[in-house]
């Protein structure tokens, strides 16, 4: 069964609109864990628009499931943000997903170009691996890049799925599914595990998971939005039923 990792960034975004600590990021994470998720994901950005370093540390203390921290490894210290790698060094999460997002981006919108970034990525991956942390690289569905990701030292890749979600919404996702299927197959042949995430939701997830060998899906924006209507625990349960087949 594919693991569901819930991204709780949007809970923190709502919390940050006031100064009373509500809703609680740790409480939301615990509800998800109690409902049966296999992981919790956060993406602490330097501008702290949602998840803050303090949230990361509190979650690390209480989680009993996989903790996935994603972000740009080259994001350095900024005011009271200690730098992405410093957070990883302190927390040593189950998994670290490296994303090539710029500080001003609204959300992650592309994967790594390994050919252009391999030299500066390798020492970073070496350090993260030395901490005992599994490494995933956020990637576009380009089969030709998967062997390069493996050579760079990744354990897994996370397929960036917004193009699939847009194709599904348009009513014709078969070409997109085939592209992602080929990318996943190339990753597995290179010895990589395959994760996926971005704009997956209750409507498009089942079709995407017909692709063989998806280890984990990371879902945040859609799940939290759906939870406003359905309730968080019921929404998690709906996702888990899809993934169970």
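Values computed for the structure shown
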read-out	value
Flag if residue 40 is at pLDDT 95 or above, within 17 Å of the chain's Cα centre (by Cα) and closer than 17 Å to residue 138 by Cβ	no
Sole exception among (1) modelled with pLDDT under 95; (2) within 18 Å of residue 46 (Cβ to Cβ) for residue 96, by number	(1)
Enumeration of residues in the stretch 152-174 that are touching a helix residue (DSSP H, G or I) at 6+ places or on another chain (Cβ under 7 Å) and not in a strand (DSSP E or B)	152, 153, 154, 161, 163, 164, 167, 168, 173
Conditions (1) without any contact (Cβ under 8 Å) to a residue 24 or more places away in the chain; (2) surrounded by 18 or more Cβ atoms within 10 Å (Cβ to Cβ); number of the one not met by residue 195	(1)
Residues of the stretch 146-180 that turn out to be buried (at least 19 other Cβ atoms within 10 Å of the Cβ) and under 19 Å from the mean Cα position of the chain (by Cα), as a count	14
Among residues of the stretch 216-237, those that are buried (at least 16 other Cβ atoms within 10 Å of the Cβ) and either in contact (Cβ under 8 Å) with a residue 12 or more places away in the chain or within 18 Å of the chain's Cα centre (by Cα) (or both), counted	13
Residue selected from the stretch 122-145 under the condition in contact with a helix residue (DSSP H, G or I) (Cβ under 7 Å, 6 or more places away or on another chain) and in a strand (DSSP E or B), by the criterion surrounded by the fewest Cβ atoms within 10 Å (Cβ to Cβ)	135
Verdict on residue 183 being buried (at least 20 other Cβ atoms within 10 Å of the Cβ), over 29 Å from residue 34 (Cβ atoms) and within 18 Å of the chain's Cα centre (by Cα)	yes
Among residues of the stretch 198-215, those that are assigned to a loop (DSSP other than H, G, I, E, B) and surrounded by 15 or more Cβ atoms within 10 Å (Cβ to Cβ), counted	8
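The values are calculated or read from the model by the stated rules, or taken from the named source; none is laboratory data. Note that the structure is predicted; figures quoted are calculated from it, not measured. Here Cβ is always computed from backbone atoms with ideal geometry, including for glycine, and neighbour counts include all displayed protein chains.
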